[in-house]
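One structure is given below, encoded as structure tokens.
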Amino acid sequence: MPIAFIVYPVLLALTGDHTGALSSAAQVGVALAAPIPVVATMLYCLTSPAPHLEEAGYRRHRLYDVTVLSACVGVACLMGAATGWVAASSSAFAAGRNVAFLAGLALVTRVFIGVGSSVVPVAWLITVFLTGPFMPEKVRAWTVIPEPVSSAHALTVSAGLFALGCFMHLTSRKVIS
């Protein structure tokens, strides 16, 4: 996790509010991809457990997992806010919310498709990138990720999806691997 939390603010600071052109009509915020290292590292940590701890009947390892995931999302939110304040970037402020959304999306799908859920956040970003046009006044509400930091529905959906993902991780009997 430490490497992901070093790469994350560096990516946010370097990309800022810059956009890149996918085609002549679509402009994509470069900072939208910054949450991927954090989410990928969190999922990697979930898929490489410590068997000697998890096989003990008295350990509540899923509760520990959710605690660590929640702490990571909290740290990502704080780092995004700090980077946004230092770099004067609204995209960095929204990055913490995007980490929560993508992590929640991966946790929900992890119950159904197992380890393959690690590609879901990347697939979501690619879908968002390719659905253009990508201009602030024409952002589609279902995409959540490119919404401005002031978007109440994006914050609500992100927090709700992360909470649902944590709940599903806690209550699922067995995750498909």
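The values are calculated or read from the model by the stated rules, or taken from the named source; none is laboratory data. Just so we're clear, the structure is a prediction, and the values are computed from it rather than from any experiment. Cβ coordinates were reconstructed from backbone atoms using ideal geometry, including for glycine residues, and neighbour counts include every protein chain displayed.
Looking for something within 18 Å of Thr47 (Cβ to Cβ), at pLDDT 90 or above and surrounded by fewer than 17 Cβ atoms within 10 Å (Cβ to Cβ) - is there at least one such residue anywhere in the range 151-160? The answer is no, given that none of the residues of the range 151-160 is within 18 Å of Thr47 (Cβ to Cβ), at pLDDT 90 or above and surrounded by fewer than 17 Cβ atoms within 10 Å (Cβ to Cβ).
Taken together, the criteria exclude Val28 from residues that are over 13 Å from Ala92 (Cβ atoms) and modelled with pLDDT of 85 or more.
Picking from residues in the range 52-70 that are among the basic types (Lys, Arg) and loosely packed, with under 14 Cβ neighbours inside 10 Å, the one that is modelled with the lowest pLDDT is Arg59.
For the range 31-41, filtered to residues that are modelled with pLDDT under 90 and part of a helix (DSSP H, G or I), the residue that is surrounded by the most Cβ atoms within 10 Å (Cβ to Cβ) is Ala31. Condition first: touching a Ser or Thr at 6+ places or on another chain (Cβ under 6 Å) and either in contact (Cβ under 8 Å) with a residue 12 or more places away in the chain or surrounded by fewer than 24 Cβ atoms within 10 Å (Cβ to Cβ) (or both). Can you find one or more residues in the range 81-90 that meet it? No, because not a single residue in the range 81-90 is touching a Ser or Thr at 6+ places or on another chain (Cβ under 6 Å) and either in contact (Cβ under 8 Å) with a residue 12 or more places away in the chain or surrounded by fewer than 24 Cβ atoms within 10 Å (Cβ to Cβ) (or both). Between Gly74, Gly165, the distinction of being of a type in the set (Gly, Ala, Ser), surrounded by fewer than 17 Cβ atoms within 10 Å (Cβ to Cβ) and either part of a helix (DSSP H, G or I) or modelled with pLDDT under 90 (or both) belongs to Gly74 only.
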